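To start, the structure itself, in structure tokens.
The values are calculated or read from the model by the stated rules, or taken from the named source; none is laboratory data. Computed from a predicted structure; not experimentally measured. Note that we place each Cβ from the backbone using ideal geometry, even for glycine, and neighbour counts take in every protein chain shown. When the accessible area is computed, the model is the full protein with side chains, heavy atoms only, and any ligands, DNA or RNA have been set aside. Shrake-Rupley method; radii C 1.70, N 1.55, O 1.52, S 1.80 Å.
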Amino acid sequence: MPERADLKQRVVTRFQRYLANPLNRRLPFQTLLETTGRVSGEPRRTPVGGRRTGESFWLVSEFGYRSQYVRNIQADPHVRVRVAGRWHHGTAHLLPDDDAVARLRSLPRFNSAAVRALGTHLLTVRVDLAD
């Protein structure tokens with residue numbers, strides 16, 4: 001029988017992939033992270049919650065290295081982030097030594113509560129924006 005965290009991740013991921021993400025991607029001011037698919041080479045857009053601070057955009061992945069967009073970042077860290085309807089190019093950095101729970105306290109409250117409640121392997125991601 002699968003571990004409880006694995007089951008939780010599968011349920012949440014299916015909900016996000018087939019219902020929440022397709023709807024959220026259509027919202028004009030939803031923050032999106034665009035990675036390059038590590039197998040397909042196609043752009044992959046994932047709705048995320050995070051915050052721009054200066055020339056960086058911060059977010060926390062709820063499933064850490066198990067998240068598809070994190071795996072894409074590992075293969076190619078060049079990403080785009082859409083913040084407030086405007087696209088920015090950047091380079092993503094995975095920060096396993098950062099305190100993800102503390103980081104969530106500085107990010108938008110609603111998304112942070114969902115990440116804490118649903119996440120199983122939190123991982124901080126920083127995107128250094130080029131423009």
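If you check SER56, SER40, SER112, SER106, which single one turns out to be over 30 Å from ARG4 (Cβ atoms), of a type in the set (S, T, N, Q) and touching a residue at least 40 places away in the same chain (Cβ under 8 Å)? The unique qualifying residue is SER56.
Looking only at residues in region 17-51 that are in a loop (DSSP other than H, G, I, E, B) and open to solvent by 90 Å² or more (accessible area, probe 1.4 Å), which one is modelled with the lowest pLDDT? Talk me through it step by step, then tell me what you get.
Filtering region 17-51 for residues in a loop (DSSP other than H, G, I, E, B) gives 26-31, 37-42, 48-49.
Those still in the list that are open to solvent by 90 Å² or more (accessible area, probe 1.4 Å) too: 26, 29, 38-39, 42.
On the way: ARG26: 62, PHE29: 71, ARG38: 96, VAL39: 94, GLU42: 97.
If we take residues in region 17-51 being in a loop (DSSP other than H, G, I, E, B) and open to solvent by 90 Å² or more (accessible area, probe 1.4 Å), then ARG26 is modelled with the lowest pLDDT.
Please verify whether ASP131 is over 14 Å from the mean Cα position of the chain (by Cα), part of a loop (DSSP other than H, G, I, E, B), acidic (Asp, Glu) and surrounded by 15 or more Cβ atoms within 10 Å (Cβ to Cβ), treating the condition exactly as stated.
On the way: over 14 Å from the mean Cα position of the chain (by Cα): yes; part of a loop (DSSP other than H, G, I, E, B): yes; acidic (Asp, Glu): yes; surrounded by 15 or more Cβ atoms within 10 Å (Cβ to Cβ): no.
No.
Taking region 73-98 on its own, how many of its residues are in a helix (DSSP H, G or I) and crowded, with 19+ Cβ neighbours inside 10 Å? First the steps, then the outcome.
If we filter region 73-98 for residues that are in a helix (DSSP H, G or I), which is where we start, we get 73-75.
Next, only the ones that are crowded, with 19+ Cβ neighbours inside 10 Å stay: 73.
Within region 73-98, residues that are in a helix (DSSP H, G or I) and crowded, with 19+ Cβ neighbours inside 10 Å number 1.
Scanning region 99-128 for residues that are out of contact with any strand residue (DSSP E or B) (no Cβ under 8 Å at 6 or more places or on another chain), modelled with pLDDT under 90 and not in a loop (DSSP other than H, G, I, E, B) returns PHE110, ALA113, ALA114, ARG116, ALA117, LEU118. Checking each residue in region 52-63 for being at pLDDT 95 or above, of a type outside the set (Asp, Glu) and not in a strand (DSSP E or B) picks out only GLY54.
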